[in-house]
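Everything below concerns the one structure shown next.
No lab work stands behind these numbers, since they all come straight from the coordinates. Since this is a predicted model, take the numbers as computed values, not measurements. Heads up, the Cβs are rebuilt from the backbone with ideal geometry, glycines too, and the neighbour counts pull from every protein chain shown.
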Amino acid sequence: MDVLTHAFSVILLGGNLDIFRVCFGVVGTVLPDMDILMHRFSGGNPRLYIFSHGGITHSIAGAILIAIVAFSTICLLQLSGILPLPAEPTFRIFGLGMIVGGALLHITLDYLACPGIPLFFPLSDKKYSLGIFPGPSLFLTITSVVFLILLILGFAGAADIYLWGIVFLGIIIFSLIKKKGLVAGRFRGKETIPTFHPLHWIIVSEDDHECTVSRYSVTGGVYWESKYKKRDGVGEEEIEALADDPEMKRLRYSSYLVVFERSEGKIRAYDPLRISGLMFYPPDYREYVAELPES
């Protein structure tokens with residue numbers, strides 16, 4: 001989700017708290033997206049794929065750690081006299097709780113969107129998602145931007161955050177009902193991925209040999225379909241030999257699904273959803289061409 005929506009969500013929940021504590025929460029809820037700054041270091045080294053956007057700082061452990069580091073930095077600035085904040089132990093305890101809570105709220109909201117986040121890293125880099133939004137939600141972003149403009153122009157006040165909250169919760173509830181009731185219920189056992197069009201979805205099903213990718217409209221049904229061989233001319237042993245390849249790990253981490261084909265004496269692994277343009281996020285690391293493993 002976008003930064004504005006994250007920030008407004010903390011302000012909504014902390015509406016009855018003093019401004020300092022709410023500010024701690026706002027700081028906490030924007031901290032996980034600081035991983036955008038890590039791309040310049042991780043982009044050139046596939047072994048650091050977990051330090052890309054939506055990576056380590058979007059895990060439970062990573063969010064708590066970065067919040068504690070940020071809180072410690074704030075305390076040092078306070079002790080040095082740079083930040084004139086209250087020095088009472090109670091204030092610091094609440095401040096720590098708010099900044100950690102804000103970071104955890106951030107990953108809770110990001111859990112709602114595709115392609116998911118590695119909640120339990122470092123135990124596993126598997127991504128988890130409720131899958132009701134296609135990455136950033138256009139409707140939530142527009143709602144937050146409009147509310148910010150109204151605040152700036154003076155047409156809305158701080159108390160109107162509750163009106164924003166009603167729309168915010170309404171969009172989430174509607175998206176959840178649409179996912180669980182209209183789509184997932186019809187395509188049981190298949191992966192259902194939302195798109196930016198609120199009534200259009202991508203449906204992925206697979207068996208031992210191939211994946212079927214379909215486009216589905218809530219009002220018109222399935223209107224497009226394409227099939228991909230999971231292993232087109234590539235053996236299981238060859239795929240297993242690439243399992244520990246950092247480039248392959250990064251590709252799998254970034255992808256919705258991965259298929260393999262033999263191409264010009266090499267193995268090409270790619271994400272058909274992103275290569276075909278059905279999904280644009282994540283934009284990088286959509287395919288990897290590897291030399292054939294030595295027999």
Taking Ile50 as the residue in question, decide whether it is touching a helix residue (DSSP H, G or I) at 6+ places or on another chain (Cβ under 7 Å), surrounded by 14 or more Cβ atoms within 10 Å (Cβ to Cβ) and at negative phi.
yes
Does Ala243 fit the bill of being buried (at least 17 other Cβ atoms within 10 Å of the Cβ), without any contact (Cβ under 8 Å) to a residue 40 or more places away in the chain, of a type in the set (A, V, I, L, M) and not in a helix (DSSP H, G or I)?
no
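Which of the helices (runs of 4 or more DSSP H) contained wholly in the range 53-169 include at least 3 residues that are surrounded by fewer than 17 Cβ atoms within 10 Å (Cβ to Cβ) and not aliphatic (A, V, I, L, M)?
Details: elements: 60-79, 89-110, 138-153.
So the answer is 60-79, 89-110.
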Provide a single number: the residues in the range 56-95 that are within 22 Å of the chain's Cα centre (by Cα) and either under 20 Å from Ile19 (Cβ atoms) or aromatic (Phe, Trp, Tyr) (or both).
2
Pick from the range 256-292 the residues that are outside any loop (DSSP other than H, G, I, E, B) and hydroxyl-bearing (Ser, Thr, Tyr): which of them is nearest to Trp224 (Cα to Cα)?
Tyr270
